[in-house]
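All remarks here apply to the structure that follows.
The values are calculated or read from the model by the stated rules, or taken from the named source; none is laboratory data. Please read all numbers here as calculations on a predicted model, not as lab measurements. FYI the Cβ positions are ideal-geometry reconstructions off the backbone, even for glycines, and counts take in every protein chain you see.
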Amino acid sequence: MEPQLAAVVLAAGLGSRMRSERAKVLHEIAGRALLARALEPIASLAPAPIVVVVGYQAEAVEAAARAALPQAGMRFARQAEQRGTGDAARTALDAIGPDFGGEILIGCGDMPLIAAATLGAFVRAHRAAGAALSFISAEPDDPAAYGRVVRDASGAVAAIVEARDATPATLALGEINAGVYLAEAALLRAAIGELRADNAQHEYYLTDIVAIARRRGVRIHAWRAPAAAEFAGVNSREEMARMEESIRQNINRRLMAAGVTLIDPATAYIAPEAEIGRDAVIGPNVRILGRSRIGAGVVIEGTAWLDGVVVGERSRLKICVRAENCEIGPDCEIGPFANLREGTALEGHNRIGNFVETKKARLGRGSKASHLSYLGDAIIGRETNIGCGVITVNYDGYDKHVTKIGDRCMVGCDTQLIAPVTVGDDVYVASGTTIVRDVAAGALVVSQHPQREKPGWTAAWRDRHANHPKAQKHDAGE
């Protein structure tokens, strides 16, 4: 029977090299916070509990963690003063509790590239080795400021030495500590209890538990990572930009190999969790974020921003479309310059044209709003035409109200529908109408005022203003 597993994620620091007022783990990469991307592979192991150690901007970091894993039942441990990773782990142990007797996985909140499969392989290797303490090591091209793994003459792990405390000979070693640990809870508690802050940083280093475990004579296993790049952390905006570029290139290569056309891969920003079907065409300057799903044969012309959007097969998004948390059915035509806000749902074969904004609007199959309209909190049936300048007036200053429009309606230009209101099927609405009451099916609804004219009014108006400075400029041809 496998032992119980708990997890600790270290996310308390500011990240001074980011030169930011915002905690480092809240900065985004590929459309999501660093912390969210670090948490997901850990959560794939189903640890219980997951403890996130917070400190700087604790409330905001806790909120980001909950948003990333809303069902995980996370706990939070507050490190009041950032005194090193060892002190952070000590704080987490208090949140886990003294009765937990399984294994504890420790990772960092600023490592967004670790794959769930890699962590799973690490846990299996730890258990197969019968180790009391394991950590992930790697051999990157540039060890830089990573802690070095020191081995004895037999090749056994002796210690991890932080770069700032290392001698030139130690810095010459190529094997580094990747910052992920797995240990028996009892050993971890005992080792953390022995930590001392007698180092260059005057901090409690979590890495020192390796030397402590060796003195105790327990089995230590350094699991060599197959891809060192997975364990790259983010310490500056430049590193974050390079990592973003690397992620983007990998995603785009995968998509093109699967049959997606990217007109300009350098300006296609697509989240790792997004899905795009075969024969889709993605134009330049496009961002596809979150768990968006783009169907086969979809064309996105360019300069688009999509987040959490489902787009049905063969739909076409013209230039400059923004859409968020909405669903676009098959064979739709959207834009140019359309804004589909959260809660929009198009059944299919719909047209949302230029300068149309929708919010919590549901349109049945074949319905269209071709230009210059606002459809908010609206339920619109099938084969209905929404004319230019139509507004569903949904807000009374306190509450939002719903407009319902039936099938096969013709809503004329410059119509306002004052919600809550219902328009039945097969209704014709004359241009310039303001609808304040429900309209029965099959009716023509009109609220026009009689047109009035005053002959000669313009000349008289100009005569009254003949001495006005603007009138003199007009007469001079300016």
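Scanning segment 338-352 for residues being crowded, with 18+ Cβ neighbours inside 10 Å and either under 18 Å from the mean Cα position of the chain (by Cα) or closer than 21 Å to residue 285 by Cβ (or both) gives a total of 4.
Count of segment 270-286 residues, restricted to those that are surrounded by fewer than 19 Cβ atoms within 10 Å (Cβ to Cβ) and assigned to a strand (DSSP E or B), is 2. Remark: pairs (first residue in segment 306-319, assigned by TED's automatic domain parsing to the domain that holds residue 273 and touching a residue at least 40 places away in the same chain (Cβ under 8 Å); second residue part of a loop (DSSP other than H, G, I, E, B) and surrounded by fewer than 19 Cβ atoms within 10 Å (Cβ to Cβ); Cβ separation under 8 Å; 6+ apart in sequence or on different chains) = 307/290; 307/325. A Cβ distance below 6 Å, combined with a sequence gap of six or more or placement on separate chains, defines the contacts here; from segment 163-178, residues that are surrounded by 15 or more Cβ atoms within 10 Å (Cβ to Cβ) reach residues that are of a type in the set (Asp, Glu) and part of a loop (DSSP other than H, G, I, E, B) in the pairs 175/139. Being farther than 21 Å from residue 259 by Cβ, at pLDDT 95 or above, buried (at least 18 other Cβ atoms within 10 Å of the Cβ) and of a type in the set (Val, Ile, Thr) holds for only one residue in 298, 321, 309, and it is 321. Here residue 23 fulfils each of the conditions (1) at pLDDT below 95; (2) over 17 Å from the mean Cα position of the chain (by Cα); (3) more than 19 Å from residue 185 (Cβ to Cβ) apart from (2).
Residues that are outside any strand (DSSP E or B), farther than 22 Å from residue 280 by Cβ and not hydroxyl-bearing (Ser, Thr, Tyr) do not occur anywhere in segment 320-328. Of all the listed residues (66, 83, 90), the sole one being in the same structural domain as residue 227 (by TED's automatic domain parsing), assigned to a loop (DSSP other than H, G, I, E, B) and out of contact with any strand residue (DSSP E or B) (no Cβ under 7 Å at 6 or more places or on another chain) is 83. When both residues are 6+ apart or on different chains and their Cβ atoms are under 6 Å apart, which pairs have a first residue that lies in segment 376-388 and is touching a residue at least 40 places away in the same chain (Cβ under 8 Å) and more than 18 Å from residue 332 (Cα to Cα), and a second that is hydrophobic (A, V, I, L, M, F, W, C) and surrounded by fewer than 22 Cβ atoms within 10 Å (Cβ to Cβ)? From segment 376-388, the pairs are 377/402. Does segment 235-247 include one or more residues that are without any contact (Cβ under 8 Å) to a residue 12 or more places away in the chain, on the phi < 0 side of the Ramachandran plot and surrounded by 13 or more Cβ atoms within 10 Å (Cβ to Cβ)? Scanning segment 235-247 turns up at least one residue that is without any contact (Cβ under 8 Å) to a residue 12 or more places away in the chain, on the phi < 0 side of the Ramachandran plot and surrounded by 13 or more Cβ atoms within 10 Å (Cβ to Cβ). Of the residues making up segment 1-34, those that are part of a helix (DSSP H, G or I) and out of contact with any Asp or Glu (no Cβ under 7 Å at 6 or more places or on another chain) are 16, 17, 18, 26. Among the residues of segment 154-171, those identified as under 20 Å from residue 131 (Cα atoms) and not β-branched (Val, Ile, Thr) are 154, 155, 156, 158, 159. The set of residues from segment 211-226 being small (Gly, Ala, Ser) and in a loop (DSSP other than H, G, I, E, B) comprises 217, 225.
In segment 360-389, the residue that is farthest from residue 420 (Cα to Cα) out of those that are surrounded by 23 or more Cβ atoms within 10 Å (Cβ to Cβ) and among the aliphatic types (A, V, I, L, M) is 369.
Restricting to segment 143-162, and then to whatever is under 40 Å from the mean Cα position of the chain (by Cα) and aliphatic (A, V, I, L, M), can you tell me which residue is surrounded by the fewest Cβ atoms within 10 Å (Cβ to Cβ)?
Pass one, segment 143-162, residues under 40 Å from the mean Cα position of the chain (by Cα): 143-150, 157, 159-162.
The next check asks that each one be aliphatic (A, V, I, L, M); those that pass are 144-145, 149-150, 157, 159-161.
Working: 144: 11, 145: 13, 149: 25, 150: 17, 157: 22, 159: 20, 160: 25, 161: 23.
Per the criteria, the residue is 144.
Within this structure, residue 38 fails the test of being more than 13 Å from residue 240 (Cβ to Cβ), in contact with a Lys or Arg (Cβ under 7 Å, 6 or more places away or on another chain) and among the hydrophobic types (A, V, I, L, M, F, W, C). Only one of the listed residues (200, 183) is farther than 21 Å from residue 272 by Cβ, of a type in the set (A, V, I, L, M) and surrounded by 17 or more Cβ atoms within 10 Å (Cβ to Cβ). That residue is 183.
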